[in-house]
Structure formats: C-alpha cells, structure tokens
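The values are calculated or read from the model by the stated rules, or taken from the named source; none is laboratory data. All of these numbers come straight from a predicted model, not from anything done at the bench. Note that we place each Cβ from the backbone using ideal geometry, even for glycine, and neighbour counts take in every protein chain shown.
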C-alpha cells in the first residue's frame, strides 16, 4: 500500500520509492501529464521540481480537495512574484542577434513559474487546439527566406484522440462548433462555457459588427463541478495567479499521478546535469541541487525533460560542458526558439470593465488565424478579449512610468484609463521558426548556484511582422465598432527589448530526420535512446493558438508510447 | 494567457493629510486579528518615517479620495524593509482566503453569515531560493554567497539593497531640499518636496513610487491600504474568495451576483467621460502611436 500522503519534507507522493522506471524533470503541464500516464500504468516515477509546493494535501487520498495557498493577492503573486523565477539571483541574458555582442541585457527574460504545477499554475488555461494545417506548414508555405518552417512528424488526425483525452482529464469548457475555423473533433467538450465577462460582451459586439466570429474560448477551468473539483466562481485574479479553489485544472493530472502511489515528487530540487554512460547514448542519472543546495542525484530507466523549452535545452547544454550539448548531432539543439508574436491593440472606453471580476479572458475569435499563402489573410493567430484585473499594476503606470504626482496623479488613479477602462485585443500570432533564434549558455553570466544561465538570441521575422501590419488596423476598427473612445496598437514587444510572451516553444524540434531535428515523432531524442521531451520544446512550428493543450496532448502521446508503442492512445486515460 | 503589463505602455508616454471617516466593520480583518501576533518589525527611525510620509503625501495627496497618508501606505514599506527581523519573514501572505468575504450560502449562492478565518495573516515560510532573492533585494547583492557572482561581467549590476537605498535616499532628500531635519522638510510646500525628490538618486525615486503603489493597493495584512480605502476609493473590489462573482442557483446554472455583476455593466460603476487632463493625455499618446480617436 502506498505511503500517502507524504510526511517527508520536500517530498510529495510515496517517499519510500527508491527505484524508478522514469525520472521527469519538471512538474508542470507536460511533466504532470506524462507522470499520470506512466503512473496509472504501473510505472514508478520520480519527478524533480525546482520550485516548492503550494497545494497542501495534493497527495492526500482522503476525500476533499487540496488547499491551495494561493489567494486573490496581487502583492504576493504579482509584485513580489511568489512563484516566479527571481531574476535577481537567476537572471537570463538576451541579445537580438549574434552580431550584437555577448549580450544586451541581463535580467528577466521570458521566464516561467518555478513551482509545483509549473506554468499551468499561473496560466488562465486557454485550451484551443491547433488546426490540421498547422502540422504541415513546411509543405504549405514552401521556402520562406530566413525561416525554417517544417512539417510536424505527425498529423492533426493522429493527435486528435490525445486532445480529446486531455480535455476530458483536465476539464475543458467550450462548445463544439463555436469556432468556425476549428478542425474536426471526435466529440464535444466535457463542460459547457462559463459566464462571459463584461469586456467580452462589449468586444464581441464590436467583432460581430465588423463581420468577425467571436465565441467563448475553450479553457481548462471548471464551469461546473467536475472530477472532484468545484466550479469556477469567477473570482477575478486568474491569469498569472494560482487558483485559490482548484477550479483551474492546473494540477489535476499531477494529483491523479500522485494518488496512484507510484510517484515521488521531490520539490525545491534543481536539475543541473544529465549524466550519460561512456557511449553518450544513454542517460544514467540526473544530478540536482537538493532543497538545501547540496548535490544529489537520482536514476531511472528513462528520463523525460519537461522543464520548459528554455530550461530543457539549457539542461542538455549544461550536460555536455565544452561540447555541442547532449543530443545535438543535428546542431539544432536550442534553435528554432519561438514565442507567439503578440500584437496587442488596446481600446480605451468610457465604460468601466471591472476586470477584477471574471476569468481574465473568456472570449475571442480566430478569424485572424488566416490561411497559408494569402497576403490578404496571413497566418496570424487567435485573438483574446482581455481586461485589466490588477490595481497595483494599473497605478504603477501613472505613478512610476509616467512619474505623475499630486492632482495629476489623482486624476489618473481615479479615471484609470489604462486599467478598468481598457479593453484589449491580443493576437497570439504565428512566430516563424528561425535557426538563429536560439537558446545557448551565456559565456560568462552565472546564477546564484554557479550555473551558466540561458542566453536568448531572438528577433522577429518579417513573416509575423507582415501579419501584424494586416491585422493591427483591423483591431483598431473593431474597437471603434465596440464603442471605444481611443484605440491603438501597442508598440512591438510592449516597447521593451524582449518578447513578453510566456508561450515558449521550439529548441528540441521534433522530426523524422535526425540530421535536421533533435527529437523524433514520439518526443524521444534521436541521439539518446532513453531521453524524451514533454514540454513545448518539440514543437516544430508555433501555430497561432495558446499552446498548452497541444503540448499536453504531445506529452500524453509520448508517455503513452513508452507504455505501449503500438497503441499509445489505448493507455492514456486509465483511472487511478 | 493574457495580462496587461506596465511594459506595454512604457513607450506611450512622451512622456498634510485629511482625517478620514472610519469605514464600517470589515469581517475577518479586525485589529483583534493583528493583536494576536507580535507587532511587525519596522525599519525607519521616527525621523526617516516622517520624511517618507511627507514626500509620499506630496506624491499622492488626500482629497475626496484617500492619499498615501490616509491609506498608511508607508507602513507597508516600513514593514517590508524589516521583514527579516520577524520570527517568520512577513513577505508572502498565506491563503486561500482573507475572511473579508463570506462563504456562499449553498442553497442560494448568496453570501452566508459564515466567514472563513484570515489565512492572509499566516505568512508563508520561504524556500532557500526565495530567501536568497529577498535578501539580495533588501540587504544587497553582497549580503549572500555568490550574490555578486557576475561582478565584472559587462552589463551586470550589483545592488546595495532597498534598506540602503531608502536610508541614503532620505539623507539625500534632506540635502536636496536644503533642510536639516524632518520637521523642516515637513514645513516645505508639496511642490518643493517633489522638486527635491527629483534631485535624489533615481533608484530611490523608483523604489519609493513602486512601493507606494503597493502600500496603497495591497491587501491590508501587509500594513497599507488602511480600512481598505485604497480599494474602495479607487473602485477595485479587492479579494473576492470564497464568494467570487458567479453563484450557482438551485437549477445548477451560473448567475451573476446582483450586487457585483460580472457579465454586464455595474450600475455602481457606470460609463463616464474622462476628466479633461486625462482625456487630453490619452489623446496625445493615441495619436503619437498612430492610433485613432473615435469621439
């Protein structure tokens, strides 16, 4: 009988396990998903998580829910960044291109949360699927100079059963048929759409007036009680916040995995190196820093990287000091780093959208996803309807960025033109993969543990800038039709040097040809027989939709193929 | 996911307190709760505190809505700087609920008369990495092993820490104002205090403005936002759990709370024109960015 819940500090699950079929690095959307598949099929799994756990009772089989230590607290989760990577001690570096020198910036660059549940904790869990055409853009687009578009080594039809399973396990709300551009589905969503926010109502009316097709976006947030978790009560602080009542599906699969008794989750454990045997083709251990910062290691029969596209690539590079990186015979490791190119168009309205009520984003449209090779309808992305839910953030614009004081400041605080009166359209545009957009190790900068930090080299391609030029003005017109007094397209990257997107993809590109890709069609490294990737890293292209459900569907399939290479879809939905 | 961040607007810019009427009793956040724990440690000397209070009041003065003084915004800063002087660092409040909102009545979905305890006051322990980061932030990068590991790398910066930034900032503020004491500083007009602030190190100005925003609008368990006036006066609801804004009726379907609608305009927060100064500023940045004014 499993020893649950754990009573050992910094360990969740069965702390007595000491032999593992798999070691997973990262407990987020991909890692938790892979763990569930393996553990429900009887495999013993160790998960290493760099952050700590804020879901009390996550591994407790007694009836009832885990109690999250999250709360509607902007200081804690926002300004003081409870679950965020802290750039003061774990910086990253950035440069737009290699000819700009070693680096242009040291600090926060596109980091994701370090916490049990990973980025699935702070995500507002939008769950649109990619479209069938997104899996063959290499063929559809042909040669795009400077870009490295490629077909995925699998089709939408192959992934569809895994999407459907994922939606059932996590509890995705949505309505089949609501998105006129979506690819065929094998069934409806398990939950109906929940209430839509006021900003959604206003922007959807504007979208309809200019001939677009708004709908309630699918998301992994319970709209009714589902699989032991309550319905969302629209408490407000959602995107970038852990859910205080577990209505978000952030750790639903991870909890299932822990309750099998086949999983041991070690928290505050920072992976530092994958050690291989003499052949270099087999990983034999993961070295990590334990909660006190001491060296430790764990071994298993196979290893699954799920630390995010940047951190997973960094770990491969740190595992081969002075060499090209573990699993890099193709030279592609760390390359084709993609974010979504976000085009943000803000409307300033006389209405007060009270964005602190609701789920951050409840609606949008996909008309701007476009089609390949049509300059009038280029490949952009899904557009979300957003409101500002945060008060400290709103006030800092006037108080700090504009340096207002006295009566002028008071007028802005009172009127909140960029806070409660702002409606936003945000397009998650396709980001053309480029070989030169990459992660490598900074040659000099170290984190506080003495480890080399990831260096991001990135600049946008004309491909996504063209989509921005086409759709930006249309978004301004939508705001006009919705009743905005003012509307403008925010400067690229919000006026900063680095993309703000937290959709981090590529770096361990999947493909059938080991000469041009790092991982195969099941996420396994071509060069390393017992090493897999189960986060955003294998994606060959970014598509134009929020990526979480797709990376989870891939993780299901990767783990399913470990259990049953012939019929992975048959083993991924077992009950605990 | 989507979140409006301040970064989004960085390029858009060309860019004596009144006494307050007490608000009604707020469930779960009475002073009695705070009295059960040891009083939070503070950082400022009385003289420093007075200077910071004065300049904070010049930045966010009192009028019909609460200012930095009335919201006791500086209290949050004073506590944050001394966070490690408490038995447990008072940095991250607990969760999930503050007790300001009731549990929903299971029959109606409306607020019941039962309130959860205030878990915000159960401050969370720090991990090794969190403590390192916060010590660097407060005490400077030389205060922890490897804190200055990148010293000498081009582009790397070190920080003396917020405590030193504030201590030195107050001294430079007095110097810039040409006064010798907090009392003399207090006698200056707001405009003169702000002018002096503008001549202090930029890292001090930045820290002060950033921390004042937190002191105005954070949960009151951190010391500021006294009587929730920051939230009430500036029309922000504050923490809403476990009630939230959607309740489920006896038919199992979701409904808006009548007093705080989610899906429609709130009659208590109706559409209204911007004040002339705000409208003119927004107009300027909109046109400068190639945007459009519709009316």
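Observations on the structure shown:
Listed here are the residues, each with its yes/no results for (1) within 14 Å of chain B (Cβ to nearest Cβ); (2) out of contact with any helix residue (DSSP H, G or I) (no Cβ under 8 Å at 6 or more places or on another chain); (3) at pLDDT below 95.
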{"site": "A:488", "(1), (2), (3)": "yes, no, no"}
{"site": "A:495", "(1), (2), (3)": "yes, no, yes"}
{"site": "A:499", "(1), (2), (3)": "yes, no, yes"}
{"site": "A:507", "(1), (2), (3)": "no, no, no"}
{"site": "A:516", "(1), (2), (3)": "no, yes, no"}
{"site": "A:523", "(1), (2), (3)": "no, no, no"}
{"site": "A:534", "(1), (2), (3)": "no, no, no"}
{"site": "A:537", "(1), (2), (3)": "no, no, no"}
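- Any chance residue B:76 is part of a helix (DSSP H, G or I), more than 24 Å from residue B:226 (Cβ to Cβ) and modelled with pLDDT of 95 or more: no
- Candidate set from region A:43-80 (those that are at the interface with chain B (Cβ under 7 Å from one of its Cβ atoms) and assigned to a loop (DSSP other than H, G, I, E, B)); member that is nearest to residue A:2 (Cα to Cα): A:69
- Extreme residue, farthest from the other protein chains (Cβ to nearest Cβ), among residues of region B:267-281 that are exposed (fewer than 11 other Cβ atoms within 10 Å of the Cβ) and in a helix (DSSP H, G or I): B:280
- Residue within region B:203-216 that is within 9 Å of chain A (Cβ to nearest Cβ) and in a loop (DSSP other than H, G, I, E, B) present: no
- Exactly one residue among A:392, A:426, A:382 is more than 7 Å from every other protein chain (Cβ to nearest Cβ) and either surrounded by 21 or more Cβ atoms within 10 Å (Cβ to Cβ) or modelled with pLDDT of 95 or more (or both), and that residue is A:382.
- Checked against the criterion of being under 26 Å from residue A:240 (Cβ atoms) and surrounded by fewer than 20 Cβ atoms within 10 Å (Cβ to Cβ), the candidates A:26, A:101, A:57 yield just one match: A:57.
- Test: residue in region A:409-422 that is more than 7 Å from chain B (Cβ to nearest Cβ), under 24 Å from residue B:238 (Cα atoms) and within 26 Å of the chain's Cα centre (by Cα): yes
- Enumeration of residues in region A:217-240 that are assigned to a loop (DSSP other than H, G, I, E, B) and surrounded by fewer than 24 Cβ atoms within 10 Å (Cβ to Cβ): A:224, A:225, A:227, A:228, A:230, A:231, A:239
- Test: residue in region A:241-249 that is more than 21 Å from the chain's Cα centre (by Cα), within 21 Å of residue A:36 (Cα to Cα) and in a strand (DSSP E or B): no
- Qualifying residue in region B:165-185 (condition: modelled with pLDDT of 95 or more, surrounded by fewer than 21 Cβ atoms within 10 Å (Cβ to Cβ), within 13 Å of chain A (Cβ to nearest Cβ) and within 17 Å of residue B:59 (Cβ to Cβ)): no
- Considering residues of region B:284-295 that are at the interface with chain A (Cβ under 7 Å from one of its Cβ atoms) and surrounded by 14 or more Cβ atoms within 10 Å (Cβ to Cβ) only, the residue nearest to residue B:220 (Cα to Cα): B:286
- The set of residues in region B:190-202 that are buried (at least 20 other Cβ atoms within 10 Å of the Cβ) and either within 30 Å of residue B:117 (Cβ to Cβ) or facing chain A (nearest Cβ under 10 Å) (or both) comprises B:193, B:197.
- Condition check for residue A:168: under 23 Å from the mean Cα position of the chain (by Cα) and surrounded by fewer than 19 Cβ atoms within 10 Å (Cβ to Cβ): yes
- Counted residues, region B:108-147 - those being out of contact with any helix residue (DSSP H, G or I) (no Cβ under 8 Å at 6 or more places or on another chain), surrounded by 19 or more Cβ atoms within 10 Å (Cβ to Cβ) and not in a loop (DSSP other than H, G, I, E, B): 6
- Selected residue (only one of B:230, B:244 is more than 20 Å from the chain's Cα centre (by Cα), facing chain A (nearest Cβ under 9 Å), under 30 Å from residue B:123 (Cα atoms) and buried (at least 22 other Cβ atoms within 10 Å of the Cβ)): B:244
- Of residues in region B:252-266 being assigned to a loop (DSSP other than H, G, I, E, B) and over 20 Å from residue A:347 (Cβ atoms), the one farthest from the other protein chains (Cβ to nearest Cβ): B:258
- Any hit, region A:310-332, residues being within 14 Å of another protein chain (Cβ to nearest Cβ) and more than 30 Å from residue A:268 (Cα to Cα): no
- Qualifying residue in region A:256-277 (condition: within 14 Å of chain B (Cβ to nearest Cβ), out of contact with any strand residue (DSSP E or B) (no Cβ under 6 Å at 6 or more places or on another chain) and at pLDDT 95 or above): no
- Helices (runs of 4 or more DSSP H) wholly inside region A:390-483 that include at least 2 residues being touching a strand residue (DSSP E or B) at 6+ places or on another chain (Cβ under 8 Å): A:462-482
- Conditions (1) surrounded by 16 or more Cβ atoms within 10 Å (Cβ to Cβ); (2) touching a helix residue (DSSP H, G or I) at 6+ places or on another chain (Cβ under 7 Å): number failed by residue B:264: (1)
- Only residues that are more than 7 Å from chain A (Cβ to nearest Cβ), surrounded by 24 or more Cβ atoms within 10 Å (Cβ to Cβ) and in a helix (DSSP H, G or I) were counted in region B:217-227, giving 2.
- So residue A:540, is it in contact with a strand residue (DSSP E or B) (Cβ under 7 Å, 6 or more places away or on another chain) and surrounded by 24 or more Cβ atoms within 10 Å (Cβ to Cβ): yes
- All conditions but one from (1) within 12 Å of chain A (Cβ to nearest Cβ); (2) modelled with pLDDT of 95 or more; (3) in a loop (DSSP other than H, G, I, E, B) apply to residue B:1; the one that does not is (2).
- Single match in A:343, A:362 (criterion: assigned to a strand (DSSP E or B), crowded, with 24+ Cβ neighbours inside 10 Å and more than 11 Å from chain B (Cβ to nearest Cβ)): A:343
- Residue in region A:81-125 that is nearest to residue B:157 (Cα to Cα), counting only those that are assigned to a loop (DSSP other than H, G, I, E, B) and over 21 Å from the mean Cα position of the chain (by Cα): A:88
- Between A:289, A:274, the distinction of being in contact with a helix residue (DSSP H, G or I) (Cβ under 8 Å, 6 or more places away or on another chain) and over 30 Å from residue A:389 (Cβ atoms) belongs to A:274 only.
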